[in-house]
Amino acid sequence: MLKNIAVFREEIKKAIIIREVEKSFLSLYEQGKLNGTVHTCIGQEFTGVFISKYLTINDHMVTNHRGHGHYISKTGDIKGLIAELLGKQIGCSGGMGGSQHLYNKNFLSNGIQGGMVPIACGIAKFYKFQNQKNISVAFIGDGTLGEGIIYETFNIASKKEYPLLIVIESNGIAQSTSTEQTFSGDIQKRIEGFGIDYLETTTDDLFDLDTKAKEAVFRVRNHNKPV
């Protein structure tokens, strides 16, 4: 029996909006109307949509150079994002951050590989010490698995049991280099080696994605440990 994906009408609508915004950025870049470069999340729109679905306004999110979809999913601030990339003062970072440096309430992005993960861990530490039920979420790509700083963070977060959710968007390519050329071993074994729970899903199956996103957020929020 085919499952009725109409139950995800709002999530699909949000993903389409993200896709259209990203396509507009590519067009503006080709016209020379954007400062610097631009990295889109085309093909990965559903990740941020479904994770954000289970977050509260007080949960914090950090992300990377490919974070426009995460920004829209968490904040809904489409106007502020577009204005930011156009260098307008009404942009979410005052027109000075561009594509990779986005700021809003409980949202922060930066283009440094893995650089936001320890910051997300620090935020999770704050939430734990304040006895709050809020969680901290960090998005990274599979290309960041070559950065030592994330493994230091994994170890600290696991040892101290901080409410940190790390979302690895594994698209098989890091900028222009395929995973086959650079990655050795198994992602799940790497993560579980730090005593961190690991859940795997795909944007090709919205029902599984929804289930795993809900479960991941629930475990971090209620078990007070990283996932």
- Condition set under 21 Å from C121 (Cβ atoms) and aromatic (F, W, Y), scope region 31-90, selection least open to solvent (accessible area, probe 1.4 Å): answer is Y71
- Which residues, taken from region 148-177, are open to solvent by 70 Å² or more (accessible area, probe 1.4 Å), over 26 Å from V38 (Cα atoms) and of a type in the set (V, I, T)? I156
- Could you please find all residues in region 203-227 being in a helix (DSSP H, G or I) and either of a type in the set (S, T, Y) or open to solvent by less than 50 Å² (accessible area, probe 1.4 Å) (or both)? L206, D208, L209, D210, T211, A213, A216, V217, V220, R221
- Those residues of region 126-147 that are in contact (Cβ under 8 Å) with a residue 12 or more places away in the chain and over 20 Å from E22 (Cβ atoms) come to a total of 13
- Task: Considering each residue of region 178-202, count those that are open to solvent by 50 Å² or more (accessible area, probe 1.4 Å), hydroxyl-bearing (S, T, Y) and in contact (Cβ under 8 Å) with a residue 24 or more places away in the chain, and give that number.
- Result: 2
- Item | Verdict on V7 being of a type in the set (A, V, I, L, M, F, W, C) and open to solvent by 20 Å² or more (accessible area, probe 1.4 Å) | yes
- Item | All helices (runs of 4 or more DSSP H) inside region 1-88 with 2 or more residues being under 18 Å from V217 (Cα atoms) | 45-53, 68-75
- Task: Evaluate region 159-167: report whether one residue or more is free of Cβ contacts under 8 Å to residues at least 60 places away in the same chain and over 30 Å from E10 (Cα atoms).
- Result: yes
- Message: Quick check on my filter: what residues within region 173-227 are farther than 21 Å from E161 by Cβ and of a type in the set (S, T, N, Q)?
- Response: Q175, S176, T177, S178, T179, Q181, T182, S184, T201, T202, T203, T211
- Message: Going residue by residue through region 106-125, is there one that turns out to be within 23 Å of Y54 (Cα to Cα), open to solvent by less than 30 Å² (accessible area, probe 1.4 Å), touching a Leu at 6+ places or on another chain (Cβ under 6 Å) and free of Cβ contacts under 8 Å to residues at least 60 places away in the same chain?
- Response: yes
- Filter region 131-156 down to the residues that are closer than 13 Å to V117 by Cα and touching a Phe, Trp or Tyr at 6+ places or on another chain (Cβ under 8 Å), then identify the one that is modelled with the lowest pLDDT. L145
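The values are calculated or read from the model by the stated rules, or taken from the named source; none is laboratory data. Computed from a predicted model, the values in this text were never measured in an experiment. As a convention, Cβ positions derive from the backbone with ideal geometry for all residues, glycine included, and neighbour counts pool all protein chains shown. Surface areas here come from the heavy atoms of the whole protein model, side chains and all, with no ligands, DNA or RNA. Shrake-Rupley method; radii C 1.70, N 1.55, O 1.52, S 1.80 Å.
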